[in-house]
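The values are calculated or read from the model by the stated rules, or taken from the named source; none is laboratory data. Computed from a predicted model, the values in this text were never measured in an experiment. Positions of Cβ are backbone-derived with ideal geometry, glycine not excepted, and every protein chain shown enters the neighbour counts.
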Amino acid sequence: MAHALIVDDDPDVVEWLQEVARMEGFTIARAHSLREARIELGRQRPDVLLTDLRLPDGEGIELMRELEKPDATEVIVVTGHATVDSAVAALRAGASDYLVKPADLERVQAVLRHAKKAAALQHEIVELRDELRRLGRFGRILGSSPRMQSLYDQLSRVAPTSATVLLIGESGTGKELAAQTLHELSRRRDAPFLPLNCGAVAPQLIESELFGHERGSFTGADRQHKGFFERANGGSIFLDEITEMPQELQVKLLRVLETGSFTRVGGTQQIASDVRVIAATNREPEKAVADGKLREDLYHRLNVFPIRLPPLRERGSDIEQLAQYFLDELNRIEGTHKSFSRETLARLYQHNWPGNVRELKNYVQRAYIMADDQIECDLGAADAAPKPDDGTTITIRVGTPLEEVERRVTMATLAYCGHVKRKAAEILGVSLKTLYNRLEAYNGKDDASAGAEPGDASRGGAAH
């Protein structure tokens, strides 16, 4: 039987939640403070934790960080002090739902039923993750490097929730595979998963694709059309390359995310839609906002749970594992037994793979076609082709003083991040204070202050 821990300093609230949880088939433990809750956590791990945010001896959110197996417990925040910031903080800390007092009975019952199913699903995911880690894959994603293990942890934590996810990664890193994995490990897995590449659809057609249209709403609309938000009801929508969506449509998407309803193009009827949105971009989101490609309000609404997918060049032995997997698939389909030479495997590690997994897959297919029995170490055009300047590289002459190298790398990184200093500091692996100190030191050589962010405070006020 599922077990629930209820934490609230109001005895009436605890009593009421206890009765509702019992009706839904839970065994109950109760606590009125963080101290009592910690004692109960030590006695029995709950499948569901219902906690207030403000308790006499601290914040209920602290309990999420102290769960022995956070992946195996559904956390529901029930508070009378609701704010957007507290809701976002709770969801990012791992809460699966957020209720405002006085909570509606039917809403609490629905949340508990979902939580009960999610708890069972979470147990399944934990077991699946441990098993698949040993096999070097997770859901539809292949790889066993430390960077991928970290990715699997994030995916398994957020998959059973309803939180909006923003996938960030270079082209070819597998963002759609990650989105499909999130859907298949969620409570929505039996409902549709619909992907839409916002950069591959004509701007004037995206609105109709997402929200549908009524007959006669525009030239060529000879029948009613149901859009993604209608057809995927109960399921998930994957919006790839979200920064390519027209600004006016970003406003409408934001409204749907906030209200859970929309109207078809040319229609007047409000249609409710229960859809989880998973968005993705190969741009740095903060830079996309600074460049006017992504509305800031939409970015914050999508950025509830951001996940970064690592590029192939940072995945170590995954390069060989993926290459062998692609070759094994070709051998299986064609009934052959081709293999890589040792020299070829060594060269795979030397290549930068700017196209990531997609480029590696294409290379293996080309090499397979050209090889007889063994694939030799010729990466062909992949090595020879000049790499376009995408703003992520700089050229430094041999013998350049280290101080100048540091200055140029720092300033180039700052420019790449759209002069968002906190992001630049993260990429450079230094503290924000260190970055400000460097910029002050460069001030005599470059006008570092010209790159200040809008609204930047003084050094002391910004370093937090």
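Only residues that are assigned to a helix (DSSP H, G or I), hydrophobic (A, V, I, L, M, F, W, C) and crowded, with 19+ Cβ neighbours inside 10 Å: list them for region 135-181, please. Within region 135-181, Met148, Leu151, Leu155, Val158, Ala178, Ala179 qualify. For region 22-43, the tally of residues that are more than 23 Å from Gly58 (Cβ to Cβ) and touching a residue at least 24 places away in the same chain (Cβ under 8 Å) stands at 5. Residue check, Gly58 against (1) on the phi > 0 side of the Ramachandran plot; (2) at pLDDT below 80; (3) surrounded by fewer than 17 Cβ atoms within 10 Å (Cβ to Cβ), all met but one. Which one? In the conditions (1) on the phi > 0 side of the Ramachandran plot; (2) at pLDDT below 80; (3) surrounded by fewer than 17 Cβ atoms within 10 Å (Cβ to Cβ), Gly58 misses (2) alone. Listed by position, the helices (runs of 4 or more DSSP H) enclosed by region 328-418 that each have at least 3 residues that are surrounded by 12 or more Cβ atoms within 10 Å (Cβ to Cβ) and modelled with pLDDT under 90 are 342-350, 402-416. Considering region 184-196, the residues that are out of contact with any helix residue (DSSP H, G or I) (no Cβ under 8 Å at 6 or more places or on another chain) and surrounded by fewer than 19 Cβ atoms within 10 Å (Cβ to Cβ) include one that is nearest to Val158 (Cα to Cα), namely Glu184.
Which residues, taken from region 232-259, are of a type in the set (S, T, N, Q) and assigned to a loop (DSSP other than H, G, I, E, B)? Before you say what the answer is, go through the steps one by one.
Start the filter on region 232-259 by keeping residues that are of a type in the set (S, T, N, Q), which leaves 233, 236, 243, 247, 250, 259.
Within region 232-259, just Asn233 meets the criteria.
Take Leu294 and tell me if it is buried (at least 20 other Cβ atoms within 10 Å of the Cβ), in contact with a Leu (Cβ under 9 Å, 6 or more places away or on another chain) and part of a loop (DSSP other than H, G, I, E, B). Answer is yes for this residue.
Go through region 7-116 and tell me which strands (runs of 3 or more DSSP E), entirely inside it, have 3 or more residues that are among the hydrophobic types (A, V, I, L, M, F, W, C). Correct list: 27-31, 48-51, 74-79. Yes or no: Tyr436 at pLDDT 80 or above and surrounded by 14 or more Cβ atoms within 10 Å (Cβ to Cβ)? When the stated conditions are applied, Tyr436 passes them.
The number of residues in region 203-225 that are surrounded by fewer than 14 Cβ atoms within 10 Å (Cβ to Cβ) and not in a helix (DSSP H, G or I) comes to 7. Here the condition is being farther than 20 Å from Val158 by Cβ, of a type in the set (Lys, Arg), at pLDDT 85 or above and surrounded by 14 or more Cβ atoms within 10 Å (Cβ to Cβ); of Arg22, Arg35, Arg30, Arg43, it holds for Arg30 alone.
Looking only at region 245-269, residues that are touching a residue at least 40 places away in the same chain (Cβ under 8 Å) and charged (D, E, K, R) come to 3 in all.
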